[in-house]
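Worksheet: the structure to be examined is printed underneath.
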Amino acid sequence: MKRYDLLSPRGRASGLGSANAGFGNWWMERVTAIALVPLTIWFAGSLITRSSDDYNEVIGWLGSPLTVILMVLLLTALFWHIALGLQVVIDDYIHSAAKIWVLLTVRFACLLLGLTGIIANLYIAFGVPMSGGA
Amino acid sequence: MEGKARKPSRPRSPNIQIYRPQLTSVLSIAHRITGIFLSLCSMSVVVWLVAAANGPASYIRFQGVIGSWLGQIVLLIAVFGFFLHVCGGIRHLIWDTAHGFELRHIYISGWFVIATSLMLTLVFWIASRMVWG
């Protein structure tokens, strides 16, 4: 028996009750949280040790293979976690018709920011100035 | 559910404005506030990467903003917020394994989160200043 069989036909038609996708969101929020513990500590530690670096030293570090891999993982986990976390807050506090637009804005912004950060890091790794040709 | 017009507006519980703040409730809302604040701060990580990819001029401009007194204050708040969110997050992960729910343990872990976050913020700040020179 499927879970939504417990709903009345009226309740099912109006879309009330669990959409059954909630656990996936809850779980991925935890998965990204666990991934972010070592990744953010690495990032914070790097900020400390790189405090005195000049531009060329920072670029050399940002462009090294290990940094690119960890930075891509960090940005992916970070903006995924942000999208899920902010969705919980939005679900709890916004009950007007604006909710869907706020949710969409958060989702798209997270995708845009995560992707932009990854692409910027790849530009650094391959030694191409990002402003070139624009 | 016949539409919003028929829904009476009843008082909501708990009435936050007359509720005495407790460690548990303060840490709960702090986790959300730091989460929202750190989401905004994450944007500056992307801006930082784009500035670095753009070239030395835009990178130095970015450093100027972060190095200003306002930038440093925001950074200090962000560092403390980050450690509070990480420590609070680990506390939540432990709760997810169904451990530490006894009221005494909830208060112990709560104060532990605050003390550890303050200590780590101090260590972070002093260490980066020492490297900065």
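For the reader, a short list of remarks on this structure follows.
- Rounded to 10°, Cα long-axis angle of helix A:65-93 versus longest principal axis of chain A: 30
- Helix axis angle, B:103-132 relative to chain B longest principal axis, alpha carbon, degrees: 10
- Among the residues of B:37-49, the average count of other protein chain beta-carbon atoms within 10 Å of the residue beta-carbon is 6.
- Per-residue Cβ neighbour rank within 10 angstrom, fewest leading, B:HIS31, A:HIS81, B:HIS105: B:HIS105, B:HIS31, A:HIS81
- By the count of neighbouring beta-carbon atoms within 10 Å, fewest first, B:VAL47, B:VAL79 end up ordered B:VAL47, B:VAL79.
- The sum of -39500 (n - 2.57) across all DSSP H runs of n ≥ 4, divided by the residue count of chain A, sets its helix-only mean residue ellipticity at 222 nm to -25000 deg cm²/dmol.
- Rounded if a/c under 1.5, otherwise prolate or oblate - the protein assembly as shown, Cα gyration tensor axes: prolate
- Estimated [θ] at 222 nm from DSSP helical runs (n ≥ 4, -39500 (n - 2.57)) normalised by residues in chain B, nearest 500: -27000 deg cm²/dmol
- The residues A:ILE124, A:ILE48, when put in order of fewest to most other Cβ atoms within 10 Å, stand as A:ILE48, A:ILE124.
- Each part reduced to its alpha carbon centroid, region A:34-81 and region B:100-133 end up 22 Å apart.
- Pairwise FRET efficiency - B:VAL131 versus B:ILE33, Cβ, R0 = 41 Å, nearest 0.05: 0.85
- Degrees, to the nearest 10: B:23-54 long Cα axis against longest axis of chain B: 30
- The chymotrypsin sites (Phe, Trp or Tyr not before Pro) of region B:5-103 that DSSP puts in a loop, and whose beta carbon has at most 12 other beta carbons within 10 Å, are B:TYR19, B:PHE101.
Since every read-out is calculated from the coordinates, none of them should be taken as a lab result. Only a predicted model underlies this, so the values are computations on that prediction, with no experimental measurement involved. All Cβ positions, glycine included, derive from the backbone under ideal geometry; neighbour counts span all protein chains shown.
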